[in-house]
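First comes the structure, then the notes that go with it.
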Amino acid sequence: MSPRNPARRASTRTASQPRQAPQAPQASQPRQASRAPQVRPSDETPAVPIQLAPRRRNAPPRHFADLTTEERADAVTALGHKPFRARQLATHYFEHFSVDPETWTDLPAAARESMASALFPPLLRSTKVLTADRGTTVKTLWHLFDDARIESVLMRYPKRTTLCVSTQAGCGMACPFCATGQLGLTRNLSAAEMVEQVREAMLTLANGEIPPGPTRLNNIVFMGMGEGLANYTALMAAIRMFAAEPPHGFGMSARNLTVSTVGLAPAITRLASEGLPLTLALSLHAPDDDLRSELVPLNQRYCVDDVLDATRGYFEATGRRVSIEYALIKDMNDQPWRADLLGSILNKRGRGWVHVNPIPLNPTPGSIWTASDVEVERKFVERLRAHKIPTTIRDTRGSDIDGACGQLAAEEES
Ligand code: SF4
């Protein structure tokens with residue numbers, strides 16, 4: 001879901017060859033007399049279609065983290081053990097992050113191996129690890145049981161740690177500037193495949209492998225590969241496990257779990273009814289349908305008004321301020337009039353319900369999609385703030401380690 005994912009695309013268009021003048025804003029939209037020409041490199045390359053159905057439907061083996069507390073007790077009983085063993089296993093898994101039967105010393109030695117092989121099949125295999133920021137940013141490429149690939153990124157800051165989690169292998173949303181979007185959707189991840197990304201990160205942090213020493217995971221952002229809301233059932237099962245009190249889950253605050261979406265409006269409305277104060281991040285990237293339908297093809301189904309109404313509804317239902325993610329792409333969506341238009345369509349829906357995070361696009365080598373100039377970025381932020389929209393430029397951690405999500409997987413497949 002990261003907006004920092006320019007794909008490598010072949011195109012004969014160069015940055016100095018504009019296609020055509022942008023469509024005029026509607027009468028009510030702020031407008032500037034002169035605008036820089038826009039570059040729409042996607043014109044020269046066939047668009048990847050939106051893909052809602054995964055190419056693969058094979059499911060990974062059942063895992064302890066796919067089960068509810070009751071189902072865990074049933075599964076343990078079915079293996080011939082007392083139900084309370086499930087709680088012991090849950091303590092090892094959610095509190096000590098251990099899937100190593102050698103460490104389960106409170107369980108009968110003879111039963112440990114069979115429980116491990118029946119309930120904890122290995123789901124993720126790390127095949128590449130890249131680090132940056134003096135070892136405090138770690139990006140991992142994982143191969144799944146069927147050799148599908150996903151990525152996760154662990155970022156340690158002075159006062160918090162954040163894990164960016166994948167929810168799908170590939171993504172069917174086809175955003176043209178995104179490496180993951182160009183891969184298409186291989187398949188949905190199971191809940192356990194998401195939970196395992198988190199457990200692995202928690203173990204890494206607890207072991208003190210990220211300098212300066214042992215710590216805990218504070219935040220999860222579903223901004224890795226995939227559109228999480230398109231894999232709704234598994235996503236919610238994983239979220240409930242992250243938020244459940246130990247030993248039923250990791251005991252994280254729901255406020256520190258950020259669900260990111262490009263705008264599946266009905267699923268946003270459904271999320272609002274879950275009764276969880278999750279943080280919602282909408283990847284908007286353009287305030288007008290004309291451009292947004294190019295940058296985020298899903299906009300052709302759920303237009304800007306639809307997704308903003310749904311996100312405003314989310315704020316009303318949960319009281320949680322919504323984040324608007326806006327990848328600043330040079331000469332594409334970074335014009336001052338678009339900042340004004342963004343400010344006005346947000347304010348039209350009330351004050352205090354939203355926060356905008358512009359983020360400079362993280363260009364992939366060879367891509368013609370590139371980040372806005374710093375001065376343009378500064379002016380864009382200034383214009384938004386003039387509309388009294390709280391605005392913070394988002395950090396681009398890991399940009400020197402193929403930080404754009406999907407980039408490692410795309411490189412492996414090319
Ligand atoms: S293609 Fe998917 S992963 Fe990439 S930006 Fe769009 S929704 Fe996010």
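The values are calculated or read from the model by the stated rules, or taken from the named source; none is laboratory data. Given the structure is predicted, the values throughout are model-derived calculations rather than measurements. Please note: Cβ atoms are built from the backbone with ideal geometry, for glycine as well, and neighbour counts cover all protein chains shown.
Report the residue count in region 279-305 for those that are within 16 Å of the ligand (Cβ to nearest atom), farther than 26 Å from residue 378 by Cα and either assigned to a helix (DSSP H, G or I) or touching a Phe, Trp or Tyr at 6+ places or on another chain (Cβ under 8 Å) (or both).
Within region 279-305, residues that are within 16 Å of the ligand (Cβ to nearest atom), farther than 26 Å from residue 378 by Cα and either assigned to a helix (DSSP H, G or I) or touching a Phe, Trp or Tyr at 6+ places or on another chain (Cβ under 8 Å) (or both) number 4.
I need the full set of residues from region 307-322 which are over 17 Å from residue 175 (Cβ atoms) and either among the aliphatic types (A, V, I, L, M) or surrounded by fewer than 21 Cβ atoms within 10 Å (Cβ to Cβ) (or both), in order please. Can you show your working first?
Filtering region 307-322 for residues over 17 Å from residue 175 (Cβ atoms) gives 308-322.
Listed by number, the residues that qualify are 308, 309, 310, 312, 313, 315, 316, 317, 319, 320, 321, 322.
If a residue counts only when it is over 15 Å from the mean Cα position of the chain (by Cα) and within 10 Å of the ligand (Cβ to nearest atom), which helices (runs of 4 or more DSSP H) contained entirely in region 157-244 have at least 2 such residues?
The helices (runs of 4 or more DSSP H) meeting that bar are 179-183.
Go over the candidates 317, 339, 310, 371 one by one and state the one that is in the same structural domain as residue 258 (by TED's automatic domain parsing), among the small types (Gly, Ala, Ser) and touching a Pro at 6+ places or on another chain (Cβ under 6 Å). Give the derivation first.
Working: 317 fails: touching a Pro at 6+ places or on another chain (Cβ under 6 Å); 339 fails: touching a Pro at 6+ places or on another chain (Cβ under 6 Å); 310 fails: touching a Pro at 6+ places or on another chain (Cβ under 6 Å).
Being in the same structural domain as residue 258 (by TED's automatic domain parsing), among the small types (Gly, Ala, Ser) and touching a Pro at 6+ places or on another chain (Cβ under 6 Å) holds for just one of 317, 339, 310, 371, which is 371.
If I ask for residues that are of a type in the set (A, V, I, L, M), away from the ligand (no atom under 16 Å from the Cβ) and assigned to a strand (DSSP E or B), which ones from region 129-156 would you list? So that I can check it myself, show each step before the final result.
Our first condition is that a residue be of a type in the set (A, V, I, L, M); within region 129-156, this holds for 129-130, 132, 138, 141, 144, 148, 150, 153-155.
With the extra rule that they be away from the ligand (no atom under 16 Å from the Cβ), the set shrinks to 129-130, 132, 138, 144, 154-155.
Matches in region 129-156: 129, 130, 132, 138, 154, 155.
Give the residue, chosen from 304, 376, that is surrounded by fewer than 22 Cβ atoms within 10 Å (Cβ to Cβ), assigned by TED's automatic domain parsing to the domain that holds residue 172, more than 26 Å from residue 220 (Cβ to Cβ) and touching an Asp or Glu at 6+ places or on another chain (Cβ under 8 Å). Let's see the steps before the verdict.
Working: 304 fails: surrounded by fewer than 22 Cβ atoms within 10 Å (Cβ to Cβ).
Result of the check over 304, 376: 376.
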